[in-house]
Each structure stands twice: as structure tokens, then as C-alpha cells.
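Reviewing the structure listed below.
The values are calculated or read from the model by the stated rules, or taken from the named source; none is laboratory data. Note that this is a predicted model, so its numbers are computed, not measured. Please note: Cβ atoms are built from the backbone with ideal geometry, for glycine as well, and neighbour counts cover all protein chains shown. Note: accessible area is taken over every heavy atom of the protein model, side chains too, but ligands, DNA and RNA are not part of it. Shrake-Rupley method; radii C 1.70, N 1.55, O 1.52, S 1.80 Å.
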Amino acid sequence: MNKINYLLLALLFGGGWACESDSDFLDRTPAQILTTEQALGDAAQVESILSNLYSRQFSVARLSDWRTMADFNEVYVASNDGQTNDFHNNNTWGWNGSYSFWGTWDYGYIRELNLFIERMEVATIPERLVTIYTAEARYLRAAYYYELAKLYGGVPIILEPLTYDFSGDPTYLQVPRSTEAEIYDFVIAEATELATLLPADASGKSRATAGAALSMKAQAAVYAGSLAKYNSVTPSVVLEGGAIGIPADRADGYYTTALDAARQIINGEAGAYSLYAKNPNNLSENFAALFYDKNANPEVIYQEEYLIKFKTHGYTISNQPRFGAEEEEGGAMNPSLNLVQSFELLDNTFAPIPTVDEAGNRILYENQEDIFAGRDARLGGTVILPGTSFKGREVDIWAGVRLADGEIVSGNERGQLRELPGSATPQQVVGFDGPLENTPQNAVTGFYVRKYLDPTPGSGQRGNQSDVSRIQYRYAEILLIAAEAAFELGDPATAAGYMNQVRERAGFMIPLTPEDITFDRIVHERRAEFALEGQYYMDLKRFRIAHRIFDGVAMDVEGLKANLGSATKRSTQPWGLWPYKVYEPGSPDDGKWYYTEVLPSRVTAADTWQLGNYYSNISNDILTNNPQLARQPLQ
Amino acid sequence: MRSIFQLLTLFAVAILVLASCEKDNFDAPETSLTGRLVYQGEPINVEYNRVSYELYQDGFGKVGPIGSTFTSEGEFSQVLFNGEYKMIIPIGQGPFVPLQNQSGQPDTIRIDLRGSEVIDIEVTPYWRFRNALISAGEGRVGATLSLEQIVTGDQARDIESVTLYVSKTAFANTQTNVATAAMGGGDIADMNSISLSVDIPEIQPVQNYVFASVGVKFAGVEDLLFSDTQRFDF
């Protein structure tokens, strides 16, 4: 009975519809799709399109995936066994790096940027907005080409939306690669013009400003300069026609451009930027705060913004100290001893972390953090050291206890208790934060990451996450770009002046003299200042030092501790530094600490950088679709 | 009810069996193309997974290559369909003078495959081993060898280093080794008597044999040239 009712009802509805004229039905305006005129007729509408374009900016290093920052043995990866193997059991990198992080080829994005720029000419919104929105889209386009240039060298430069005419012959759409110099020239020229069109407003951090454009110009120019100068180190990494390889005689020109652009920012022409120094009493805290303080941070020039409830990331969740964390998760990246020991002593000298005295005996320390005393304040701002705190909780990192007879007692789970001689109750024999090699997510090297970790309560919860923004350009980098450019132009006095400003913020009271400034110094200063921010990848490439640092030879303790100031120091395996506690009740040494260098047993490979790794791979699919593209060298 | 299920199952199986009979079943390729790198008939040993080659076949739309790398003995093998193939070794691969034509492009080796074929690819290494002798005893591996320069003139390359690799497996090279002894090119007084030796470290788990070979790196060339790998039982 029911069925018949439904049938009747259906007929009724069907019949009702059929009464309308068919042409009306087909002619209705769609409710979900905006026409071009509608989209460009309303300022808020245009801004939302622009906001979509902003959200698709590309960067190799990104906070939304911590693994993008985990390479080059600056950290040991302890997130899970599979990822530990991916990073530490492979001798070589794929042509596009671990997990293809060094690849992007999004000409769809470029097409949308080109369409946006083209259509802004017919937009019916106030002229003032048209100018600024067009400039912002051009900034994003130049930024994306710049990312492509860093990865691939020369690529096809398309500045107008291409449309296929369905003639069966797509050859007119096939554009060859520009030369490597041309693409950097394009980025520099765009940035130069945009610096005059975009607002010179230091308070705008996450939308393009004159400061952002000038930063891009300075960085692109100094990168191009170093590529021109150091490409001769690897003469086989070139392509005929110049798609890879910038002529050496252009180096000085690029360095001059870089220095000028950096000086424009330093002189305040793009707004008032300065080094972050809100906490002069604790320079390590100050350095850490630079990355999470979103309240009028004078150092940030341009950032990829995150905002709680809208766009968040799990960087803090993945990397927070595991013990007492807001989630049973953390410790994915453990900074290596290689990185930790590269931070200088405050007297401007390099020295390994002192674990043994001259006679070869283990040095005993009263407090865990004493071993790191007198070092660059950036160390404590970049790395959570044993004995220091995060979110008000001291990390508990120690590998075991040494008994009076020299026997070492340890455990195989975090914070394990064991019976020790002379004690009635079981005692803790290993830290709640490890290090335990066979357990994931603890301080396997003895260190946790500090940089970009968010101290806000709740940042370590999956339901909440963190909204610390990723800084693309900051004032310290402008100073170091100026220093590098001045040094390469034969003016070490100027270089020392700029570099000393950055070092003073890190606690160095003795300024470097012009004689101190060397190539090794420039490379090292950038490594220390920008550790785990992403710049190191490009520095390895543009100085052509990667194949010497990652030469496939395994490391021993002596090798680890030697040549610390050298730009080409071997770093093929990530080492750790394990604290041990002395357990000798009644002895003055009881409760003191000593340290041992350790190569985590899961590190079985010694990394080799092949010359073909200097540029990312253009896949066969892309090469087949456009036969005009030249293949990358040595791949 | 049950019989309906049985019928349906039977029907489903029948569909699966019958449907997979025709178009989606191609004959697998069965013509093998194998070959090796040689210099005047002498095989060239390289490092596994490092020296690549590419095979192209025209006439089927897209022109992407298939390719792989040479084995440590300098060999390669592919199972293919009959047809015309072009093979190249990309410039910069291998410890030998690049095979290139006058315009600087990789020189093409044309292969008309009509049945299984074995080809020798003639290449010219910059130097070659003479009397490479590796021996082991008393917990040490030693090597004596001489090197003879083959390529002279503009394309000549200096020797950057000579290294003895000891390994747990037959892959005794830069990637998998347990002990190495290296000598810089500048430290070699006489190319006719180079000797290297290294202690065999303790191997976990214990094994009573090791492999060893000697690799030579030429300045400005990424891939190493290797001597024959030898096994030593003790």
C-alpha cells in the first residue's frame, strides 16, 4: 500500500517539474560558480582568490611536515623505525631527495597567477586595490620561479596564461628552459620593481611588502653570485646553453646587487626592521622566542602564517620532549652532536664538546648543562640540551648510571627502575626522555629540537596544534647576506661589521676582525644561525660543498671532533652525546655527570652526495611532454 | 537461499575467469639484451647502482627512456620485446671517457633486437689496473698494484685517490665496506708500485671471510674504477 503512495507522490513531483519549460530549466544561472565578472567585481571576492594563491606558496622546508627539515645529519630521526631507516640506512639521496621533497613543478599554479594578473586589468574594484593585488600576485609568481630556480636551475619562464587551441599541434606551447642566469635575473628584476609598488610597511608580515621583495632580491642575488663563483668547483654540473651554470664573470655583479638590496633594508627604506632582542638577559631564550613571538616581532620580514583555528601544524607535537608532553608523542627529530658541537665558544674559537680531559679520563660535571657552558647562545635556542627545560618541565635525558666498579647499568624503557648495590629500593637508571636507541620518539642523540617549538599551552595537543609561523625572510639573514656579499666583493671590514651584529645578539662580546672573515666563517655563521630553518640545503648546493661533506666515508670519534670550523667538514652520520650519572654513594663524585659520544646503532649508512644531486630531477613525463627541455646533468 | 548464493558465487567466478582471458593478457617480453663494459676485451668494473644507462625505443608515442645501472662487474641485462632500440650512457657516468658525438650529445648505440643478444660496449677508462694483486693474512688485507695511464692529452685525468675496500659482502666499494685504506693521488710516488693495507675489523655477526677490491678515483670524475673483487676465507 505504501509503495503505491510513494509512486503517486513521485509522479506528482515529476509531473510538476515537467510543466516548466525545458529551456528555462537549462538556462538557470549556476549557484555554485562565479563568473569572471562576478569574481572580479567585489573587493572581498578578489581578496579571497588572492588568499588562495598565498596559501599555495611553495617552500622545501615547511612546518607542516617536519621531515622536510630533518636531512643532512643535522638531526637523527627517531619518529618511528621506518623513517629512521629512510634517513639513516640509505647511502644516497634520490635525485629529488628524501620523500621527493626537492621536487615541485606546478605550472598550474603559475597559470593561475598569470590569469589573476591578466584579469586584474578588467577588474571593477578600486584602482588602488588593483595595483596592490597585482603586485602581490607578481610577488608570488616571482617567489615560485625563485623556488624552481633553486631546485632546477633554468626553467621555462611563462608570464602569460597559455591556452591550447585544440589544433592537434601543441608545439607552440612548448617553451625551452631559460638559462640559470636568466631566471635569477627575472626574479631580481621583478623584485626590484615590486619593491616600489608594494607598501613599505614593517608591520605586514604575511603579505608581500617592499621588505619582502627586497629580501627576495638580496637572497636571489647572493645565491646567483655564489652559483656563478663556485660552479667551477664542479665543472661537470653544467648544461650546454646555460640552463645550468652561471658564467663566473657575473658573480661580482650579483654580489653588488645583493649588497645594495640588503643595505636598502638595513637603512630602513622598506620599514623599520631590527634584530629581535626583547630578552637581553637570557640570550638563548631570546633566540628561541624570535621564532614564536608573533607580537610585533621586528625581525620577521616575511612569513608563511599559521593561525590557531584556521591553519595550524603539528611541528610542536612531533618534536616536543616526550616525557610529560601534552600528547604521547614527540622527539621525532633529535639534533645531532655534529650540529651541537659546531656552535662556537664565546671567544670565537671552535672546540668539540669536552667529554675527556687531556689524560683521556672522563670529565665529571656537577650539573648536566655545565658541559655546554660558554658557548654561542643560539645553541640553547636551537636545541633542548640535557638539564634544560621546555614548558616549565626539565627534560630527563640520561643513558644510565656508572657504579663504583665501572659497571654501567641502564634500562630498555623510559625511566626504568633497577636495584643498585647499597640501596634498599629500586633506583631510576635511565631518563624518562631516553636516550633509548630501540625505542622511537625520545632523545636518541641526547638532544631535542627547540627552534620553532611553541611554548603556548595546548600547542602539543593533536586537537589544538601550534600556530607558530614559518619565517621566510628575517633581518638576521639580510645582515648575513650583506656580510657575504661584502666579503666576496673584497671588503671584509664591512662584512665583519654586519656579521658582528648577528653574533652580538648570540652573546659574542669579542667582535670578529676583518682578518677573521673567511669563506669558512661565512658558511659556518649561516649554518649556526639558520640551523633547522631550511637555508642549509641551498647553502650546501650553492657553495658546492655538499659532495665533500657527504663523501660516503663513515665517521669515527676523532674524525667527528676534528676540523670543526671547516666548511667542508665531513658529516656523513649523525652522532649523539649521552649523559651518564655516577652512582657511588658516599663518594664526592656521587651524582655527577659525564658524557660519551655515541653513533646510534641504527645509523648504518654513510651519506654520499652524488654530483647529480646538485639539481633536482625533471621527470621523464615532463621531458616527454615538452621535448624542448634539456635533461639535468649527471642523472 | 543457500543455492542462490552458490549460484551467484559460481556466476561471479565464471565472470572473473572468462573475463580475464582475452585482451588484458599480453605475452611477456622474452628477448634478453645483455652486455658489459669492456676496454680491449678486458671487463671494466664499476660501482653498483652508480653508473646508469638509458634505452629508448621510438615509434610508440612518448619517448621516455627505460634504464637502470650497471652491476659491479660492468654488466647490464634487460628483457625486452623485439624491436629497434637506442642505448646511451649519459655524459658524466662511469670512470671512462664519455661516449659522445661531435655535438657533445651522448653517442647512440643502435641495437636492432631480433632475438636475444649480447653486446660489448667498448669504453676507454682514463687509467687501468696492471697486476692488481690483493692478498689477505694475519688479520690484514693488502693490495699491490700498478696503474697505467690510457687517456692522454686534453681528456687526461689525474688520479685523485686509490682506496682499498674491505667488505662483508661481494660489494666491496664506497657504499658498503667495513674497512678502507686510502692514498691520495699526490702521495703516490710510483704508479708501478702502489701498496695499501688495512686491518680487518671485528665483524658482527662473526663471519670467516671478507671481500676486497681496490677503487681508483679520477679527478673530476664521480664514478670509481674498480679492480676485480676477491674473496678471502680464513
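Brief remarks follow.
- Residue in the range B:37-49 that is surrounded by 14 or more Cβ atoms within 10 Å (Cβ to Cβ), within 14 Å of chain A (Cβ to nearest Cβ) and modelled with pLDDT under 90 present: yes
- Any chance B:G67 is in a strand (DSSP E or B), within 12 Å of another protein chain (Cβ to nearest Cβ), within 15 Å of the chain's Cα centre (by Cα) and closer than 27 Å to A:G94 by Cβ: yes
- Looking only at the range B:97-137, and only at residues there that are open to solvent by less than 60 Å² (accessible area, probe 1.4 Å) and small (G, A, S), the one that is modelled with the lowest pLDDT: B:G104
- In the range B:162-187, residue nearest to B:G74 (Cα to Cα) [restricted to those that are open to solvent by less than 30 Å² (accessible area, probe 1.4 Å) and hydroxyl-bearing (S, T, Y)]: B:T174
- Of the residues making up the range B:138-161, those that are open to solvent by 50 Å² or more (accessible area, probe 1.4 Å) and either at positive phi or free of Cβ contacts under 8 Å to residues at least 12 places away in the same chain (or both) are B:E138, B:T152, B:G153, B:D154.
- The range A:172-195 residues that are outside the structural domain of A:G245 (by TED's automatic domain parsing), paired with ones that are surrounded by fewer than 19 Cβ atoms within 10 Å (Cβ to Cβ) and not charged (D, E, K, R) (beta carbon under 8 Å, 6 or more apart): none
Condition check ((1) hydroxyl-bearing (S, T, Y); (2) assigned to a loop (DSSP other than H, G, I, E, B); (3) at pLDDT 95 or above) across all residues:
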residue	(1), (2), (3)
A:Y255	yes, no, yes
A:I265	no, no, yes
A:N286	no, no, yes
A:F291	no, no, yes
A:A296	no, yes, no
A:K309	no, yes, no
A:F323	no, yes, no
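- Checking A:A202 against (1) open to solvent by 10 Å² or more (accessible area, probe 1.4 Å); (2) modelled with pLDDT of 95 or more, the condition it does not meet: (2)
- Complete set of residues in the range A:565-582 that are more than 14 Å from chain B (Cβ to nearest Cβ) and surrounded by 18 or more Cβ atoms within 10 Å (Cβ to Cβ): A:A567, A:K569, A:S571, A:P574, A:W575, A:G576, A:L577, A:W578, A:P579, A:Y580, A:K581, A:V582
- Filtered residue count, the range A:600-635, keeping only those that are away from chain B (no Cβ under 14 Å) and open to solvent by 20 Å² or more (accessible area, probe 1.4 Å): 1
- Some residue of the range A:378-386 being open to solvent by 50 Å² or more (accessible area, probe 1.4 Å) and at pLDDT 90 or above: no
- Residues of the range A:389-417 satisfying the condition of being open to solvent by 40 Å² or more (accessible area, probe 1.4 Å) and either hydrophobic (A, V, I, L, M, F, W, C) or closer than 15 Å to A:N367 by Cα (or both): A:S389, A:E394, A:A404, A:I408, A:L417
- Just one of the numbered conditions (1) assigned by TED's automatic domain parsing to the domain that holds A:G225; (2) in a loop (DSSP other than H, G, I, E, B) is not true of A:L140: (2).
- Filtered residue count, the range A:534-561, keeping only those that are more than 14 Å from chain B (Cβ to nearest Cβ), hydrophobic (A, V, I, L, M, F, W, C) and either part of a strand (DSSP E or B) or open to solvent by 40 Å² or more (accessible area, probe 1.4 Å) (or both): 1
- Some residue of the range A:192-199 being in a loop (DSSP other than H, G, I, E, B), more than 14 Å from every other protein chain (Cβ to nearest Cβ) and not aromatic (F, W, Y): yes
- Members of the range A:439-448 that are in contact (Cβ under 8 Å) with a residue 60 or more places away in the chain and part of a loop (DSSP other than H, G, I, E, B): A:P440, A:Q441, A:N442, A:A443, A:V444, A:T445, A:G446, A:F447
- The set of residues from the range B:190-210 being assigned to a loop (DSSP other than H, G, I, E, B) and either among the acidic types (D, E) or over 19 Å from B:I159 (Cα atoms) (or both) comprises B:D190, B:I200, B:P201, B:E202, B:I203, B:Q204, B:P205, B:V206, B:Q207, B:N208.
- Residue, nearest to B:L224 (Cα to Cα), within the range B:151-168, restricted to residues that are part of a loop (DSSP other than H, G, I, E, B) and within 13 Å of chain A (Cβ to nearest Cβ): B:R157
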